[in-house]
1. Give segment 70-94 a look and list any residue that's farther than 19 Å from Ser30 by Cα and open to solvent by less than 40 Å² (accessible area, probe 1.4 Å), or say none.
2. I'd like the full set of residues that are open to solvent by 50 Å² or more (accessible area, probe 1.4 Å) and small (Gly, Ala, Ser), limited to segment 31-66.
3. Find all pairs meeting these conditions: Cβ atoms under 7 angstrom apart; at least six residues apart or on different chains; first residue within segment 11-34 and touching a residue at least 24 places away in the same chain (Cβ under 8 Å); second residue among the acidic types (Asp, Glu) and outside any loop (DSSP other than H, G, I, E, B).
4. Give the residue that is most open to solvent (accessible area, probe 1.4 Å), with candidates limited to residues of segment 1-19 that are under 14 Å from Val112 (Cα atoms) and under 15 Å from the mean Cα position of the chain (by Cα).
5. Specify the residue that is nearest to the chain's Cα centre (by Cα); the eligible residues are those in segment 95-114 that are buried (at least 17 other Cβ atoms within 10 Å of the Cβ) and closer than 16 Å to Arg19 by Cβ.
6. Please verify whether segment 51-69 includes one or more residues that are in contact (Cβ under 8 Å) with a residue 40 or more places away in the chain and not acidic (Asp, Glu).
7. What's the number of the only condition in (1) under 15 Å from Leu85 (Cα atoms); (2) assigned to a loop (DSSP other than H, G, I, E, B); (3) out of contact with any Lys or Arg (no Cβ under 8 Å at 6 or more places or on another chain); (4) not small (Gly, Ala, Ser) that Pro14 fails to meet?
8. Does Ala23 meet the test of being more than 15 Å from Val78 (Cβ to Cβ), buried (at least 16 other Cβ atoms within 10 Å of the Cβ) and touching a strand residue (DSSP E or B) at 6+ places or on another chain (Cβ under 6 Å)?
Amino acid sequence: QVQLVESGGGLAQPGGSLRLSCAASGFIFSKTAMGWYRQAPGKQRELVARITIAASTNYADSVKGRFTISRDNAKNTVSLQMNNLKFEDTAVYYCNSPDREMAWGQGTQVTVSS
């Protein structure tokens, strides 16, 4: 069955960096566009970055220039490098496919605080 396991979250200071990783299984990863989503307290889940099967990327305006999504088809992983973190990046981060929603993983908490 489909499994998405996110990791790498934690506490960071404003301006700091974190790298998230998502291990995927149960589907043909190399043929699936992937994305990173986040959900802040009291807010709806939003897509912040996506990567196509051809590794083309796009980003929400709020993270453009600070976050970088990448994929490793050999390892079935998708990563999110987050630089210059801001307070408003605090959220639970999830990976999934923007094209075919799958069962959500547990997410990984990112907290930006001084």
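1. Taking segment 70-94 as the starting set, the residues that turn out to be farther than 19 Å from Ser30 by Cα are 81-93.
Hits for segment 70-94 are Met82, Leu85, Asp89, Thr90, Ala91, Val92, Tyr93.
2. If the condition is that a residue be open to solvent by 50 Å² or more (accessible area, probe 1.4 Å) and small (Gly, Ala, Ser), then Gly42, Ala54, Ala55, Ser56, Ser62, Gly65 are the ones that fit.
3. Leu20/Glu6; Cys22/Glu6
4. Arg19
5. Applying the filter and picking the extreme gives Cys95.
6. From segment 51-69, those in contact (Cβ under 8 Å) with a residue 40 or more places away in the chain are none; that's our starting set.
No, the conditions are met nowhere in segment 51-69.
7. (3)
8. No.
The values are calculated or read from the model by the stated rules, or taken from the named source; none is laboratory data. These figures come from a predicted structure and were not determined experimentally. A quick note on method: Cβ atoms are made from the backbone with ideal geometry, for glycine too, and the neighbour counts reach across all protein chains shown. Protein only, heavy atoms only, side chains kept; ligands, DNA and RNA dropped before computing areas. Shrake-Rupley method; radii C 1.70, N 1.55, O 1.52, S 1.80 Å.
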